[in-house]
Amino acid sequence: MSPSEIRRIPAAETRGLRRAVLRPHQPPEAVVYPGDDDPDTVHLGLYSEGRLLGVASIYREPPPYALKAITAWRLRGMAVEHGRQGQGLGAALLKACMEHAVTQKGTQVWCNARSTASGFYRSLGFIQHGEPFELPGIGPHHLMSRELREPGR
């Protein structure tokens, strides 16, 4: 595969892959997430040869298990094109999201990970909180998080 590039993109550019990979049987508005247009939210796209192959979004949002974790960031809408999964693209996107959170003084990243992706998140240092739960119309998920460290610490 040729070298890839990760760059910021508008929320609208994430929605095609979000829908194709994460919610193919739902209406288009199902991939418009609360907070997409918040000033702190960052959407990243991974491109190779000018083609968008992966997306991820990160939001300044405390996890449900913490009353006051304003330094936490939520990962959402991470999707890599079918046929390109398992090639390190998702890991590159996730690392870029975590790097952004660190630059914003974030101390933790959390997500609702699909059960089928929980091994991917574990391989990158995430831990599971509580029991699996069902998101209606989407499937079983795990609440997962990872502590962040500043570079060099």
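The values are calculated or read from the model by the stated rules, or taken from the named source; none is laboratory data. These numbers come from a predicted model, not from an experiment. Positions of Cβ are generated from backbone atoms using ideal geometry, with glycine treated the same way; all protein chains shown enter the neighbour counts. Please note that ligands, DNA and RNA were not included when accessible areas were found on the heavy atoms of the full protein model with its side chains. Shrake-Rupley method; radii C 1.70, N 1.55, O 1.52, S 1.80 Å.
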Boolean, Val80 is within 12 Å of the chain's Cα centre (by Cα), of a type in the set (Val, Ile, Thr) and either open to solvent by 10 Å² or more (accessible area, probe 1.4 Å) or modelled with pLDDT under 90 (or both)
yes
Does Arg51 count as closer than 19 Å to Arg15 by Cβ and of a type in the set (D, E, K, R)?
yes
Residue within segment 23-35 that is more than 13 Å from the chain's Cα centre (by Cα), within 20 Å of Leu124 (Cα to Cα) and of a type in the set (S, T, N, Q) present
no
Among the residues of segment 37-60, is there at least one that is of a type outside the set (D, E, K, R), farther than 17 Å from Phe120 by Cβ, modelled with pLDDT under 95 and in contact with a Lys or Arg (Cβ under 8 Å, 6 or more places away or on another chain)?
no
Residues in segment 127-140: is at least one in contact (Cβ under 8 Å) with a residue 12 or more places away in the chain, small (Gly, Ala, Ser) and open to solvent by 70 Å² or more (accessible area, probe 1.4 Å)?
yes
When both residues are 6+ apart or on different chains and their Cβ atoms are under 9 Å apart, which pairs have a first residue that lies in segment 91-108 and is touching a residue at least 12 places away in the same chain (Cβ under 8 Å), and a second that is assigned to a helix (DSSP H, G or I) and among the aromatic types (Phe, Trp, Tyr)?
Ala91/Phe120; Leu94/Phe120; Leu94/Tyr121
